[in-house]
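Each remark here refers to the structure printed beneath this line.
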Amino acid sequence: MALTAEQVLAICQKYTQDTIHGAGAVAGKPCQIQSKTEITGGTRITFLWEDNAGTQHTTIMDVMDGAKGDPGDNGVSVTVDIEAIAGGHKITFTDSEGPHEVEIMDGAKGDAGDAGEDGVSPAITVKTSTESTYILHIVTADDEFDTPNLKGGSSGSVDELTNEQVDALLALL
């Protein structure tokens, strides 16, 4: 079937008009996937976009499943064993080809570090213990002090500690 010159002109004009409105082959407008539907042997995808004139268009594409391939080879789980040896460890990886071993030796002993500062253990003793008074005497590396009456004074409140004394008490925990 041959087309007349008028038919060819009409098709070209329609193509040009669609392209101007952003709906032709050189569209370039953002589109969305409107739907995805399973069909026999594949998936039907419907695209939706709007041209420059505000008209919405859809295009449908059927994406067919590929041919079923041949079954693959059986998989193999690799196992790893670690064994202590003199001066290091032996690691054995076992796969379908059998065991593969590698020995990793411990590093050389490093130089001795600098001597640390002398440690101090706090000393906590009960200074006063009566029915209404309980006071501890605390000696740390940096301070020596008595706690307030831990049973509270005559008003039932505990006397205040300085920030340094609170820090020293917290360091003991």
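The values are calculated or read from the model by the stated rules, or taken from the named source; none is laboratory data. What you are looking at is a predicted structure, and each value in this text was computed from that prediction instead of being measured. Positions of Cβ are generated from backbone atoms using ideal geometry, with glycine treated the same way; all protein chains shown enter the neighbour counts.
What to note about this one:
- Cβ separations smaller than 6 Å between residues 6+ apart or across chains give the following pairs from region 129-150 residues that are aliphatic (A, V, I, L, M) to residues that are in a loop (DSSP other than H, G, I, E, B) and modelled with pLDDT of 80 or more: Ile135/Thr147; Ile135/Asn149; Leu136/Thr147.
- Test: Asp106 is exposed (fewer than 14 other Cβ atoms within 10 Å of the Cβ) and more than 30 Å from Lys90 (Cβ to Cβ): no
- Flag for Glu101 being at pLDDT 90 or above and either part of a helix (DSSP H, G or I) or exposed (fewer than 13 other Cβ atoms within 10 Å of the Cβ) (or both): yes
- Meets criteria (over 35 Å from the mean Cα position of the chain (by Cα) and either at pLDDT 90 or above or in the same structural domain as Thr46 (by TED's automatic domain parsing) (or both)) for Ile85: yes
- In the set (1) polar (S, T, N, Q); (2) modelled with pLDDT of 90 or more; (3) exposed (fewer than 11 other Cβ atoms within 10 Å of the Cβ), the condition left unmet by Thr92 is number (3).
- Where a residue in region 56-76 is closer than 30 Å to Gln32 by Cβ and its partner, wherever it lies, is not in a strand (DSSP E or B), with Cβ under 7 Å and at least six apart: His57/Ala23; His57/Asp51; Met64/Gly41; Asp65/Gly41
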